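Below: one structure, written as structure tokens.
Taken together, the values in this text are just the output of simple stated rules run on the coordinates, not laboratory data. Here the structure is a predicted model, which means the values were calculated and not measured. Every residue, glycine among them, receives a Cβ derived from its backbone with ideal geometry; neighbour counts consider all protein chains shown.
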Amino acid sequence: MKKWIKKVLEYNEVKLALIFLAIVVLFSLINPDVFTVANLYALVRASATNAIYALAIMIVMCSGAFDASFAVIGSFGAYVTMYILTQNGLDPHPAIVFLISILICMALEFLNWFMVSILHLQAYIATTGTASLLKGAVLVFVSTSYIYTLPSQIGALGKTYLATAVYGSGIESQLHVSVIFIAVMYLVMHILMTYTNFGRQVYAVGADEEAAERAGINVKRIRLIVFLIAGVICGVAGILRDAVGRFSLPNPAEVVGKENISIAAVILGTGNSSKARGSALGTLLGVLLMSFISNNLILIGIPSFYVELATGVLMYIGLVGQMSNRPRRHSAKEGK
Amino acid sequence: MNKRRLSNSDPDLFRLIVVTILIFVAMTALKPDKFLSKANFSSMCYQIPEIGLYTLAMMLILVTGQTDISSVAIGNLCTITGITIMSQATKNNVTGAAAWLYILGALIVMLLIGVVCGLVNGFTVTYFKVPTMLVTMATSSIFRGIAVVATEGNALTGAPEELTYFGNHGFLGIAYAMWFFLIIFVVVAYLMNRTKFGMELRFIGSNEKASEYAGINVNKTLLKAYVYSGVIAALTGFEIIARTDAAKYDYGGSYVNQALLACVLGATNPDGGYVRMACIALGLASVQFLSSGFNLLRLGGNVKQFAWGALLVFVVCFDVLNRELRRKKAIRDVAKKHNS
């Protein structure tokens, strides 16, 4: 029995889930309103966008690369899509809206792949360049104005709720339809990363590029697919943010510049680029933990400007925690 | 004749001189009366030190093949602490030598914070073997978070006039801030080119494992580099207090990208191991000429943001292709020699 517990505890996901539970209990003791269905619905709504963006950066980091531009690409794709549609007075089926955004994002991620995998540039530096370029380009070449009237069916999507719950104070909170998007995308990613040959190859490339190449894996092709998948995810996340937020703007402040929340979630879920262990489940727990803390600090009476500090500390703990139980390199000892 | 020799013997420097002159000429042609004016040059003298110091802080880590994005966060944490201490002097109406004691005390505390922040970064990178970019992303969130919590998001002011005088006046027609930067630049150049530390840092950047087998204490050298980087960030904070008499947690967020651009434009190899101080100086000048030129042309922050990104992408792509061509040429030359 004891052995069994020990084995379960070795899984990072289990540890993370326990930490999450502990924090939920702690917060609930301070303010009982935290532990309510209504608050859970609010959490889903607040974390929807970050949860999906985290998947994009997760798969890129699993393949041993990095992308500093994922949030900008998603916002760019969504805003340009909305701009084109509203300027031409089009109101297509939501699937087509998503498709346009996805295609734009895939094209941009292709550019990132080209720089990272073909030119062998430092992933962080190259994608920082892309991010800065796109952030400026959308304002200079497209538009700076907010788009308040979205295509009607996307607008309707933003107002679709699955359920309603009531806080103790009588205020209503609704379960947004984006929870279905999150569930489906995480399920698909989980299956893709865990049960398919492709998923195994992504982990292999991330663990050791050279070894993967010699084992017969086409590293460039795997990375290309990884970046394109990231593009698809960014495209969906961008449109979904607009739907949830009910308006579209060039560089939404809760996404662009807040990339570290998604990255921290991935790191907490052990999607670390130098170790290449990461999972959809771990990332989901990471996102929930990050969103729960930033969403509920105010409910237990801590001012919201502690969020940045909490993000940093959690990210640091995540980094150090998973690196410290890794076997030390021999060469490091010989150096002393 | 002279030019041709330079282009062969030192292609990086030659290329940068050409780029800098081109930008200078282009900006002069677009706004001749304003760009060449004395006011423009003196305002550039006040802007270069900040971005220049952050560039030096970034360069020290970039030469090891890693990217440190926490310098600006360290700098802001230092300005906030520094100004909190210095404003005591203003509050108590202390002037003259006594005010300088406050300033000196603030400077020492700021340098200590720089050292501690550098140690945190360096220790995490060397001991836990985590990629620098991720570490500094986390630590800059922490440093910025501390700054936000300490100030509740407000801007602080109240540095003594003794200090702000130096931030806004010049000596021999050049701003004191510029002299400050030049001194630090020369010290860093000496450190990189003439000391064992600088050589070791380059070796580590080009091949960490080989450096270790060559008997270099890699961890110690890296730790030193992070501490120096933190100290430079703290000195930047000091310069910012002197010039602006203000401290805010999110001051100068765009400096990270500009510093990265100046480093890469200045022929620093992002994969590590190669840095030329003269090229860094020219890279900085190019970035500043562009920035000032954009301001004079009344192109706003959005255009600049776009330009920095586009330039960064262009420069790193160009460098890689250039290096590849050079490598192929070298192989061809060797083959030719071998055959003849």
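Here are a few things to note about the model shown:
- Considering only Cα atoms, the convex hull volume of the range A:31-256 works out to 138 Å³ per residue.
- For the protein assembly as shown, the equivalent ellipsoid built from the Cα gyration tensor has semi-axes of 40, 31, 28 Å, listed from largest to smallest.
- Which listed pairs, of A:LYS220/B:LYS336; A:LYS15/B:LYS129; A:LYS258/B:LYS304; B:LYS129/B:LYS196; B:LYS129/B:LYS224; B:LYS91/B:LYS248, have C-alpha distances above 26 Å, in listed order: A:LYS220/B:LYS336
- Dimensions of the range A:130-195 along the principal axes, based on C-alpha atoms and rounded to the nearest Å, stand at 46, 42, 25, largest first.
- Hull volume in cubic angstrom per residue (convex hull over the Cα atoms of the range B:45-318): 132 Å³
- Label-point separation, B:ASP10 to A:ASN218 (7 Å along Cα→Cβ), nm: 4.7 nm
- Inter-label distance for B:PHE123 and B:ASP333, nm, one decimal - labels placed 7 Å from Cα along Cα-to-Cβ: 4.7 nm
- Overall shape: oblate for the range B:189-324, with the ratio a/c of the largest to smallest alpha carbon gyration tensor axis at 1.5 or above and b/c at least equal to a/b.
- Think of each Lys and Arg Cβ as +1 and each Asp and Glu Cβ as -1; about the Cα centre, that makes the dipole of the range B:45-318 roughly 360 debye.
- Nearby aspartates and glutamates by direct alpha-carbon distance to A:LYS2 (threshold 14 angstrom, same-chain neighbours under 8 apart not counted): A:GLU10
- Against the empirical 2.2 N^0.38 Å (N residues), the range B:7-161 has a Cα radius of gyration ratio of 1.36.
- Dipole of chain B, positive direction: furthest Cα of B:ALA106, B:SER141, B:VAL320, with charges on the beta-carbon: B:VAL320
- Taking a ≥ b ≥ c as the square roots of the eigenvalues of the Cα gyration tensor, the range B:87-226 is oblate, since a/c reaches 1.5 or more and a/b is not larger than b/c.
- Cβ screening of chain A for cysteine pairs under 4.7 Å finds these without a partner: A:CYS62.
- Here's the list of aspartates and glutamates a cross-link from B:LYS220 could span, going by alpha-carbon distance under 17 Å and ignoring same-chain residues fewer than 8 apart: A:GLU334, B:GLU200, B:GLU208, B:GLU212.
- Neighbour net charge for B:ILE74 - beta-carbon separation under 13 angstrom, K R +1, D E -1: 0
- The range B:174-262: Cα Rg divided by the 2.2 N^0.38 Å rule of thumb: 1.33
- Report summary: the helix-based calculation at 222 nm, which adds -39500 (n - 2.57) for every DSSP H run with n ≥ 4 and divides by the residues of chain A, gives -22000 deg cm²/dmol.
- With q set to 0.17, 0.26 Å⁻¹, the log10 of I(q)/I(0) for the range A:212-265, from the Debye formula over equal scatterers at the Cα positions, is -0.69, -1.06.
- When the alpha carbon coordinates of the range A:1-116 are projected onto the principal axes, the ranges are 61, 38, 22 Å, largest first.
- For the range A:82-201: rounded, prolate or oblate by the Cα gyration tensor [a/c cutoff 1.5]: oblate
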